[in-house]
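Presented below is the structure to which this report refers.
The values are calculated or read from the model by the stated rules, or taken from the named source; none is laboratory data. Being a predicted model, the structure only gives us computed values, none of them experimental. Heads up, the Cβs are rebuilt from the backbone with ideal geometry, glycines too, and the neighbour counts pull from every protein chain shown.
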Amino acid sequence: MEIQTFSYDNRIVRNFAIASVGWGFIGMLVGLLVAFDLVFPSWNLSLPYTTFGRIRPIHTNAVIFAFVGNAIFMGVYYSLPRLCKTPMFSTLLSKIHFWGWQSIIVLAALTLALGITTSKEYAELEWPIDILITLIWVVFIINMFGTIFKRRERHMYVGIWFYIATVVTVAVLHIVNSFENPVSLFKSYSLYAGVQDALVQWWYGHNAVAFFLTTPYLGLMYYFLPKAANRPVYSYRLSIVHFWSLIFLYIWAGPHHLLYTSLPDWAQSLGTVFSIMLIAPSWGGMINGLLTLRGAWDKVREDAVLKFMVVAVTAYGMATFEGPMLSLKNVNAIMHYTDWIVAHVHVGALGWNGFLTFGILYWLIPKMWNTQLYSKKLANVHFWIATLGIVFYAVAMYTSGLTQSLLWKQFTAIGTLQYPNFLETVLRIYPLYIVRAVGGTLYLTGVVIMAYNLLKTAKQGTFVAEEQVQAPALAPEDPQHKESKHRWLEKKPIQFAVLALVLVLIGGLVELIPTFIVKSNVPTIASVKPYTPLEVEGRDIYIREGCNNCHSQMVRPFRSETERYGEYSKAGEYVYDHPFLWGSKRTGPDLHRVGGKYPHFWHYLHMNDPTSMSPGSLMPAYPWLLTDDLDTSTLASKITALRGIGVPYPAGYEQRAPEELRLQAEQIAAELMKSGAPAEPNKEIIALIAYLQRLGTDIKVPAQQ
């Protein structure tokens with residue numbers, strides 16, 4: 001048997017590891033600033049670039065795509081060559097992938113801070129960056145499959161199954177959700193509108209969690225956990241059931257983010273049913289991971305690496321139990337739009353993704369630097385302080401979420417809302433926001449301790465850039481050898497990827513196609529008209545400032561909500577909303593029926609200083625809206641772009657749109673002047689007021705007699 005000598009490139013693994021730690025610190029630091037913004041609203045500094053609405057998506061993108069993304073690539077570039085017993089397909093592609101991904105992260109941070117956003121959660125980046133993401137992902141796919149094709153192992157290990165499912169599914173999710181009609185280099189409108197946009201977005205949003213934050217990490221778990229424990233995976237058969245059932249079921253569950261909204265009931269029910277079924281494969285993976293440690297529990301007590309991994313897998317089990325529970329309508333009615341969702345998300349991000357990343361780093365860095373970990377004691381300190389941080393964070397937000405819901409739904413003995421003013425409910429949970437910030441501080445402190453420990457580890461060792469290894473060449477297959485169908489499939493990466501893609505597409509197609517082609521899913525309402533030119537500009541300002549990060553535009557059919565906000569929302573009201581702005585969390589009140597609720601003067605003063613209208617408000621001030629001129633240079637292009645995706649503006653309307661905008665702006669400014677506000681018709685505040693006053697006014701609900 002021929003023995004071949006080759007080497008593994010540790011440089012690319014090192015680069016992604018450094019990037020993961022560095023971006024992780026930055027992303028979590030921004031998250032801590034977000035938390036303190038709600039404790040001390042003055043920390044927003046009354047600057048456009050530091051408000052909660054703009055930096056919150058910076059935090060989520062940095063943690064998901066910078067911290068976790070780089071950690072995924074670190075793990076894949078280390079494990080894949082070793083599982084295939086071959087170097088990565090192309091060192092050049094590896095470098096392009098690394099620098100391309102870092103450039104995407106930098107562009108994301110800059111554009112989001114500048115208010116250049118699509119507003120779609122986890123997909124806020126504008127179309128040029130979407131194209132760059134696609135190109136870099138293709139580079140990764142070529143490099144990964146090129147490596148698999150030249151492997152010296154006949155069968156693909158379970159970790160590779162999850163890597164394959166990740167790359168093909170993320171590609172589909174990203175492309176479908178990113179269909180946009182560009183207006184300019186920095187502005188586009190979603191191809192989809194209203195209900196359809198919401199379904200596509202949460203089909204993407206839920207499965208971005210599934211196929212970016214879960215499946216690749218399961219692949220890493222199946223490689224690094226057995227390595228760290230020096231134990232084989234508990235069950236090969238359970239791995240098969242776990243993998244195929246997970247990727248098939250997960251893709252159906254997106255609509256559970258839209259329960260009780262204007263989404264058709266059949267789609268909501270599908271999301272609920274498949275979400276409940278997801279418990280089985282998810283817990284199958286957790287059990288497979290934990291039982292891999294059978295016989296190694298004494299080692300777990302001493303080894304910080306295994307401590308991190310055990311808690312990570314346990315957090316995965318907790319999060320994947322809670323997700324299906326939140327998809328039950330009676331539970332969702334209580335917890336959705338509250339801080340409970342924030343706790344749920346962070347149990348997964350801080351526990352599952354964060355702790356598994358930390359465990360891998362503590363195991364990996366000493367190996368690549370050919371040394372021992374600098375301080376096991378510091379690693380254990382990191383474990384306990386980070387665990388305490390998660391507990392503080394999660395318990396505070398679970399409590400806050402339940403408190404919010406109970407206060408929102410509380411009625412007096414005579415049948416009126418006990419807390420009709422939304423701000424009353426915010427002030428009640430303010431102490432819990434302080435506890436959340438303390439928990440975040442503890443967790444970030446642990447990251448700093450880890451960075452110091454890993455840096456000292458690297459300094460005391462010698463980096464092994466090229467790890468020389470030997471392996472036998474892949475021998476010809478014995479044609480008489482019989483094996484199971486799945487063992488045969490494990491030798492066929494293309495067939496494996498195609499089958500995975502087909503299973504993933506089934507759920508997506510069944511949910512998306514009927515919503516687009518069956519008109520009864522989105523009934524039309526004759527009184528709903530397109531936005532005026534001034535309202536279009538105001539809506540874009542609303543999106544730019546990230547208002548949808550705190551305010552929903554979806555009144556659900558609950559008595560507590562219709563009493564507080566007005567008539568529940570109808571699907572036909574959103575047919576011209578590109579993109580939809582339903583929101584996913586209420587830090588402030590719902591705005592779908594805010595039109596006409598307050599005079600122009602109230603909105604003018606509220607945006608300049610929220611506490612002047614709502615004493616104790618945690619909302620940042622937006623004084624620049626009162627002084628910055630409204631840029632209408634792209635108005636004609638906006639009208640043309642919206643008409644191109646179905647908004648029924650008449651031909652040539654873009655020519656007279658500026659005049660209509662001017663007339664409406666002058667009318668609003670004149671009314672403000674009468675109230676004593678020194679308003680000018682060419683300011684951004686005028687456009688925003690026009691948009692806010694339009695919300696929810698297209699349908700007229702008969703007054704009760």
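Listing for the model above:
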item	result
Residue ID - surrounded by the most Cβ atoms within 10 Å (Cβ to Cβ), chosen from residues in the range 523-571 that are assigned to a loop (DSSP other than H, G, I, E, B) and among the aromatic types (Phe, Trp, Tyr)	TYR565
Residues (among the small types (Gly, Ala, Ser) and either in contact (Cβ under 8 Å) with a residue 60 or more places away in the chain or over 21 Å from TRP203 (Cα atoms) (or both)) located in the range 511-556	ALA526, SER527, GLY538, GLY546, SER552
Test for ILE414: is it of a type in the set (Val, Ile, Thr) and without any contact (Cβ under 8 Å) to a residue 24 or more places away in the chain	yes
Members of the range 370-384 that are buried (at least 19 other Cβ atoms within 10 Å of the Cβ) and either in contact with a Gly (Cβ under 6 Å, 6 or more places away or on another chain) or over 22 Å from GLU302 (Cβ atoms) (or both)	HIS382
Residue among THR117, THR60 that is within 17 Å of the chain's Cα centre (by Cα), more than 20 Å from VAL464 (Cβ to Cβ) and buried (at least 22 other Cβ atoms within 10 Å of the Cβ)	THR117
Extreme residue, surrounded by the most Cβ atoms within 10 Å (Cβ to Cβ), among residues of the range 385-420 that are within 24 Å of the chain's Cα centre (by Cα) and either of a type in the set (Gly, Ala, Ser) or assigned by TED's automatic domain parsing to the domain that holds VAL555 (or both)	ALA386
Some residue of the range 116-123 being farther than 18 Å from VAL30 by Cα, assigned to a helix (DSSP H, G or I) and touching a residue at least 40 places away in the same chain (Cβ under 8 Å)	no
Test: residue in the range 135-152 that is over 26 Å from LYS491 (Cβ atoms) and either of a type in the set (Phe, Trp, Tyr) or in contact (Cβ under 8 Å) with a residue 24 or more places away in the chain (or both)	yes
The range 421-433, subset part of a helix (DSSP H, G or I) and of a type in the set (Val, Ile, Thr), residue surrounded by the fewest Cβ atoms within 10 Å (Cβ to Cβ)	THR425
Any hit, the range 258-271, residues being surrounded by fewer than 19 Cβ atoms within 10 Å (Cβ to Cβ), out of contact with any Gly (no Cβ under 8 Å at 6 or more places or on another chain), farther than 30 Å from ASN332 by Cα and among the aromatic types (Phe, Trp, Tyr)	no
Any hit, the range 1-15, residues being under 30 Å from HIS606 (Cα atoms), among the polar types (S, T, N, Q), in a helix (DSSP H, G or I) and over 21 Å from the mean Cα position of the chain (by Cα)	no
Spans of helices (runs of 4 or more DSSP H) in the range 326-420 with at least 3 residues of a type in the set (A, V, I, L, M) and in contact with a Leu (Cβ under 6 Å, 6 or more places away or on another chain)	376-409
Flag for ALA71 being more than 15 Å from the chain's Cα centre (by Cα) and assigned to a helix (DSSP H, G or I)	yes
